[in-house]
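Participant: One structure, pasted below without further comment.
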Amino acid sequence: MSIDKIEIYDIRVLCIERSMDKGMRSTVRGRTVAGDNDTVILMEHVSKAYTVGVPALNDVTLHINKGEFVFIVGDSGSGKSTLIKLLLRELLPTSGKVIVNGTDVVRLKRRSIPKFRRSLGVVFQDFRLLKDRNVYENVAFAQRIIQMPNREIRKNVPSILSTVGLAGKYKARPKQLSGGEQQRVALARALVNKPKILLADEPTGNLDPKNSWEIMNLLEKINNNGTTVLVVTHNREIVNAMQKRVITMKKGIIVSDEEKGGYIDED
Ligand SMILES: Nc1ncnc2c1ncn2[C@@H]1O[C@H](COP(=O)(O)OP(=O)(O)OP(=O)(O)O)[C@@H](O)[C@H]1O
Ligand SMILES: [Mg+2]
């Protein structure tokens, strides 16, 4: 099938995922009642010191269950990105336990790191798209890395581009897109391999309020389809409006963890 035909695919795949997910949501909703099998992110007594002195993370213990939507907030330098990097195994903790999707990332062998990372979707503030490739290729690239057959790529990429509302822009290069659209491509790329967990470090940091809301609404939709979503943000208005679990960090410590929380004022 030619690339010009890809628009004929729609979000049917998404609907299938949604119906498959129906059963799952009943178990994932109740973080407090769920058993250990539901834990997809576990940090126990995790500290990280980059240099001698004040640690960037200081004895952090955190459990996140399958299907949760969690905001991580806190003032600049409080350790939010450090936490995300530990989950991605970009960094190793100085001490403590980090288990992601059942993998002990501290003990993970170097050669197993790429495969482990492929089980995670990641989105950053600065989009990180391939500038010389079009939208379709930016997303297809993630599938080629996992050696997905071309036949599948030609189904999956249009489907995920529809999900993020970019089916009509598949030929555009990143520089021809708005910031919000570029972030939606980054989201599509993060999601096309169907990760269990999506980690987003300030995904709306470069976006205006309207585009920020569009991205957050998409993250919520993705979460409703069963993906666990962890979002680092400084966006007070969105955090207060969305009424999700909010973890607040301060100087490397979790100072608050609220089920339907809001943005706690920094002092
Ligand atoms: N590579 C590094 N080497 C040394 N110190 C670092 C390094 N990266 C981060 N830090 C320090 O660790 C602490 C936590 O940094 P981190 O990037 O996790 O904060 P953050 O909460 O993500 O901040 P922001 O909201 O500004 O992104 C800060 O004091 C920072 O200066
Ligand atoms: Mg940061």
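Participant: Determine the percent antiparallel among the DSSP beta bridges restricted to the chain, to the nearest 5.
Facilitator: 50
Participant: Counting every Cα pair in segment 68-115, what percent are over 16 Å apart?
Facilitator: That fraction is 45 percent.
Participant: When the gyration tensor of segment 121-213 is built from Cα positions, what are the square roots of 5 times its three eigenvalues, in whole Å, from largest to smallest?
Facilitator: Its equivalent ellipsoid spans semi-axes of 20, 15, 11 Å.
Participant: Using the charge dipole of the chain (Lys, Arg: +1 at Cβ; Asp, Glu: -1 at Cβ; taken about the Cα centre), state which of 57, 234, 138 has its Cα farthest towards the positive end.
Facilitator: Of 57, 234, 138, it is 138.
Participant: Please report, to two decimal places, log10 I(q)/I(0) for segment 83-164 at q = 0.15, 0.16, 0.21 Å⁻¹ as given by the Debye formula with identical point scatterers on the Cα atoms and no solvent.
Facilitator: Reported log10 I(q)/I(0), two decimals: -0.69, -0.76, -1.04.
Participant: Which pairs in the list 85/221; 109/155; 109/260; 66/171; 171/244 are over 29 Å apart, alpha-carbon to alpha-carbon?
Facilitator: Violating the 29 Å Cα-Cα cut-off are 109/155; 109/260; 66/171; 171/244.
Participant: Still on this structure, please answer the following. Using only C-alpha atoms and all pairs of different ones, pull out the Kirkwood radius for the chain in Å with one decimal.
Facilitator: For the chain, the Kirkwood estimate is 19.1 Å.
Participant: Which ³J(HN,Hα) values, rounded to whole Hz and listed in residue order, are derived for segment 85-100 from phi using the Karplus coefficients 6.51, -1.76 and 1.60 in 6.51 cos²θ - 1.76 cosθ + 1.60 with θ = phi - 60°, glycine and proline given as x?
Facilitator: Result, ordered by residue: 5, 5, 5, 8, 6, 7, 10, 9, x, 6, 7, x, 10, 10, 10, 10 Hz.
Participant: Could you please report the charge total around residue 55, scoring K, R as +1 and D, E as -1 over all other residues with beta-carbon less than 15 angstrom from its beta-carbon?
Facilitator: +4
Read the figures in this text as sums done on the coordinates, not as results from a lab. Here the structure is a predicted model, which is why all the values come from computation and not from measurement. Every residue, glycine among them, receives a Cβ derived from its backbone with ideal geometry; neighbour counts consider all protein chains shown.
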